[in-house]
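Here the structure is laid out as structure tokens; the discussion comes afterwards.
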Amino acid sequence: MIFFQNKTQPRKARRHGSALMIMIWALLLMSVTVMGVVEYIRYSAEEAALASAEFRALHLAESGLAVGLHPDTRRGDKVLKQKIGTDSGFDVVINYEGARIPINLISDDRLREAIYDLFVRWGVNSDEATVASESLADWVDRDDEVRSNGAEKDHYEGLGVYDIPRNTGFINVDEMLLVRGMGVVDRLKPDWREFFSVYGDGTIDLRTAFRETLIAISGASESDVENYIKRRDGADGIPGTEDDQRISDGEAYRLLNLTGDRAKAMQGILTSDDDLRRITSTGYVGEKRAQIIVVARRGDDRSLTYLARMEE
């Protein structure tokens, strides 16, 4: 008896196996595609939520700014901190630009000496503090005469940097980093920018000036300055709150123990009459934050002049 082998069976099996593999690969590809689409949709939704939160936070910061700039709003008013919804609101801080040293007026020897003292307090050695303070003064004065430890055009040209200093003052505080000696200050005191302003009028505001600034400007002892600030900032020790104390200039001078010639020398610098406000409004939605800072001057007629606006 003769048996014939069925040669078509293996071919069919191979075809079925190939079809099965194609189906598996198709399913895998479809799964990957679907997963990618789902991930894209999820990511897009998260991005949209973040963008919405960012927009709302900025809107709340704008709302807080309007409250802070109102002529009847005062430091410490409850309206400056408002919660809107469960996780959103705004927080506004009103300060005076006189809390910061007016760097463009450093050609005044009193301010230059105060800045030197401030640098030393931050850990800069006396020689480097002299170089930095005198170079800052050379940058803003209107002549090309170099102070003994300062720097004018020849110094910067020797470093391959031209057209500076312009002898017209600083445009912004960051520009101070271009000055000879400021690199040392930046390394030792990274937040030094908080102590300077390009908008000040030459006075230091007694109501908001930092402890270190008051010591450097007034020459008062640390203990006298600390006692004054404790009295000024109230029982909670936080400036710009409801329990802050209004202290007359005469009483402030008494607390700082400024008398005689020293008091007379400070009368043109230490004052509570600064009308240049720095409004910092922070809007928040959950973890998202938006901050707007405005420097503005309020006139006697209650008009408002904007000098600067910054968003962070």
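Considering only Thr73, Thr282, Thr168, the Gaussian network model of the chain with Cα springs below 10 Å gives its largest mean-square fluctuation to Thr168. In terms of overall dimensions, the C-alpha atoms belonging to the chain reach 137, 55, 38 Å along their principal axes, ordered largest to smallest.
Near the amide H of Phe196, within less than 5 Å, lie the amide hydrogens of Ile101, all on another chain or at least 5 residues away, with H placed in the peptide plane.
Spread over its residues, the convex hull of the C-alpha atoms of the stretch 219-312 is 163 Å³ per residue. Computed across the stretch 173-213, the Kirkwood hydrodynamic radius from all distinct Cα-Cα pairs reaches 11.6 Å. Relative protection proxy for 189-202, 74-87, from highest mean packing down: 189-202, 74-87 (other beta-carbon atoms within 10 angstrom). Against the chain, whose longest principal axis comes from its Cα atoms, helix 222-233 is set at around 70 degrees.
Just grab the label-to-label distance for Thr305 and Gln82, each label 7 Å out from Cα along the Cβ direction, in nm (one decimal). The modelled label-to-label distance comes out at 2.9 nm. For the listed peptides 286-293, 205-212, a ranking on the average number of other beta carbons within 10 Å per residue, highest first, reads 205-212, 286-293.
Counting charges near Ile84 (Lys, Arg +1; Asp, Glu -1) among other residues having Cβ under 12 Å from its Cβ returns a value of +1. Packing order of peptides 127-140, 228-241, highest average first: 127-140, 228-241 (average count of other Cβ atoms within 10 Å over each peptide's residues). Each residue of the stretch 137-148 was assigned a 3J(HN,Hα) from its phi angle through the Karplus curve 6.51 cos²θ - 1.76 cosθ + 1.60 (θ = phi - 60°); the sequence is 5, 5, 5, 9, 6, 9, 10, 9, 7, 8, 5, 4 Hz, with glycine and proline shown as x. Per-residue ellipticity at 222 nm, computed for the chain from helices alone with -39500 (n - 2.57) per DSSP H run of at least four residues, works out to -14500 deg cm²/dmol. For the stretch 206-212, the Karplus equation 6.51 cos²θ - 1.76 cosθ + 1.60, evaluated at θ = phi - 60°, returns couplings of 5, 6, 9, 4, 5, 3, 5 Hz by residue, with Gly and Pro reported as x.
Amide H to amide H, with H built 1.01 Å from N, Ile204 comes under 5 Å of Leu270, Thr271, counting only residues 5 or more places away or on other chains.
Along the charge dipole of the chain, Cβ charges K/R +1 and D/E -1, which of Tyr253, Ala235, Gly283 sits furthest on the positive end? About the Cα centre, the residue reaching furthest to the positive side is Gly283. For the pair Arg231 and Ala263, a Förster radius of 30 Å applied to the C-beta separation gives a FRET efficiency near 0.95, rounded to the nearest 0.05. Note on the stretch 100-271: Rg/Rh from C-alpha atoms, Kirkwood Rh, equals 1.01.
Only the coordinates and a few stated rules stand behind these numbers; no lab work does. Everything numeric here is computed off the predicted structure, so don't read it as measured data. Cβ coordinates were reconstructed from backbone atoms using ideal geometry, including for glycine residues, and neighbour counts include every protein chain displayed.
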